[in-house]
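Everything below concerns the one structure shown next.
The values are calculated or read from the model by the stated rules, or taken from the named source; none is laboratory data. Just so it is clear, the model here is predicted, and its values are computed rather than measured. Here the Cβ positions follow ideal geometry from the backbone for every residue, glycine too, while neighbour counts run over all protein chains shown.
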């Protein structure tokens, strides 16, 4: 026997189709608001939301990565060295990779519970920003 219907009301379920769709999303696919809500749901459920909080804060911190890397790179490029522009460009590319590796290592420490999620996300920016300021001060002398 087949029943045709446009809409089927099921009153005994305690969840909606939207909640099922939301639960199937992985944190990489979520917006910042969804991540924050998901982290609070994980905390309320009694699970550790550290990984989600790190993802949330890392997205915000990564927006400032370009500024930090450029500031650090400009201070190195402003210093005239032998070898010319190609060497300075190579050094800046290498430092960008070092920055990204440092960011991933700090995230690994945070996910293992060594660092606070906020510190984990911002540690690379803080370290390279301070190094850039120190380089800027050194170049001015």
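A few comments on the model shown:
- For the residues 59, 51, 81, the requirement of being more than 16 Å from residue 132 (Cα to Cα) and at pLDDT below 80 singles out 81.
- Condition check for residue 75: surrounded by fewer than 20 Cβ atoms within 10 Å (Cβ to Cβ), at pLDDT below 85 and more than 22 Å from residue 18 (Cβ to Cβ): yes
- Among the residues making up segment 29-53, a single one is surrounded by 15 or more Cβ atoms within 10 Å (Cβ to Cβ) and over 18 Å from the mean Cα position of the chain (by Cα): 42.
- Residue 37 falls short on exactly one of the conditions (1) closer than 27 Å to residue 133 by Cβ; (2) modelled with pLDDT of 80 or more, and that condition is (1).
- Condition check for residue 68: free of Cβ contacts under 8 Å to residues at least 12 places away in the same chain, surrounded by 14 or more Cβ atoms within 10 Å (Cβ to Cβ) and over 19 Å from residue 50 (Cα atoms): no
- Some residue of segment 105-115 being closer than 17 Å to residue 71 by Cβ and either in contact (Cβ under 8 Å) with a residue 12 or more places away in the chain or not in a helix (DSSP H, G or I) (or both): no
- Consider segment 84-106 and keep the residues that are touching a helix residue (DSSP H, G or I) at 6+ places or on another chain (Cβ under 6 Å) and either under 14 Å from residue 62 (Cβ atoms) or modelled with pLDDT of 90 or more (or both). The one that is surrounded by the fewest Cβ atoms within 10 Å (Cβ to Cβ) is 102.
- Qualifying residue in segment 77-96 (condition: in a helix (DSSP H, G or I) and at positive phi): yes
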